[in-house]
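K.L.:
Have a look at the structure that comes next, please.
The values are calculated or read from the model by the stated rules, or taken from the named source; none is laboratory data. Just so it is clear, the model here is predicted, and its values are computed rather than measured. Note that we place each Cβ from the backbone using ideal geometry, even for glycine, and neighbour counts take in every protein chain shown. SASA here: full protein model, heavy atoms, side chains in, ligands and nucleic acids out. Shrake-Rupley method; radii C 1.70, N 1.55, O 1.52, S 1.80 Å.
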Amino acid sequence: MNVILFLIQTSMISTMVLPDSFTKAGWGSVPMCTPKMEVCPIKTDTFFGTWYEIARTPSKVSNNLTCIATTFKNNSLSHDNLFFVTSVGLNITSTSNFTLSGNGTVIDPAKFRIDLPIYRDLLNKPNFIVRNVWVDLKGNYQRAVISSPNSTNDESDSYYVLSRSKLMSQIQLEAATKFASQLNTSTQLDWVMTNQCDFW
């Protein structure tokens, strides 16, 4: 009897759907990958769309940029592994908004090469690597941890925390930064919040 009751309760939990407000807030999402995995086997089409940068470690590529929103879009007129990418945000140095547009290539489902001017020294290798995504009950990717090389030599990577939402709870942020720290155990990672934006 207890076994039957357990099976019924388990079935009810597995079919339970949370309210949209709960899902959109990012609660109920779970990490898809572990630090031991070189890359996260994402579905590219599910990953595409707009992501907001919440925090990052120091980066030679984008240290003077903040409030960044990046949109990935399929290039339906070309080969399946090509896509469009547009980043908008604020340049701290010039205190002006910026827009960067270009093309990208899917090297494998979790490794992209993005051909934007800020990556001009990194165009011969993957420069945008998805290390983890948090998936909600509907299969949507809500948050992500990205790594990117700082240069063509063996310098340590930079790490980025991205979100589908412009805001992230402290618990969610801590989970993402802790995951990144487990990827890089040689040095302590210093994080900069980059989502303090008036125009978002």
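K.L.:
Pairs please, first residue from region 162-173 and in contact (Cβ under 8 Å) with a residue 40 or more places away in the chain, second anywhere and in a loop (DSSP other than H, G, I, E, B) and open to solvent by 40 Å² or more (accessible area, probe 1.4 Å), Cβ atoms under 6 Å, 6+ apart in sequence or on different chains.
P.N.:
Once the first residue is in contact (Cβ under 8 Å) with a residue 40 or more places away in the chain and sits in region 162-173, its partners that are in a loop (DSSP other than H, G, I, E, B) and open to solvent by 40 Å² or more (accessible area, probe 1.4 Å) give 166/200.
K.L.:
Kindly list the number of the only condition in (1) modelled with pLDDT under 95; (2) open to solvent by less than 50 Å² (accessible area, probe 1.4 Å) that fails for residue 55.
P.N.:
Unmet for residue 55, out of (1) modelled with pLDDT under 95; (2) open to solvent by less than 50 Å² (accessible area, probe 1.4 Å): (1).
K.L.:
Take the residues of region 45-94 that are of a type in the set (S, T, N, Q) and within 22 Å of residue 183 (Cα to Cα): which is nearest to the chain's Cα centre (by Cα)?
P.N.:
57
K.L.:
Condition test on residue 43, is it without any contact (Cβ under 8 Å) to a residue 24 or more places away in the chain, out of contact with any Phe, Trp or Tyr (no Cβ under 8 Å at 6 or more places or on another chain) and either surrounded by fewer than 18 Cβ atoms within 10 Å (Cβ to Cβ) or at negative phi (or both)?
P.N.:
No.
K.L.:
Another question about this same structure. Determine, yes or no, whether residue 162 is at pLDDT 95 or above, assigned to a helix (DSSP H, G or I) and either in contact with a helix residue (DSSP H, G or I) (Cβ under 7 Å, 6 or more places away or on another chain) or not aromatic (Phe, Trp, Tyr) (or both).
P.N.:
Answer is no for this residue.
K.L.:
Take the residues in region 64-95 that are among the polar types (S, T, N, Q), in contact with a Ser or Thr (Cβ under 9 Å, 6 or more places away or on another chain) and in a loop (DSSP other than H, G, I, E, B), then tell me which one is surrounded by the most Cβ atoms within 10 Å (Cβ to Cβ).
P.N.:
By that ranking, first place goes to 81.
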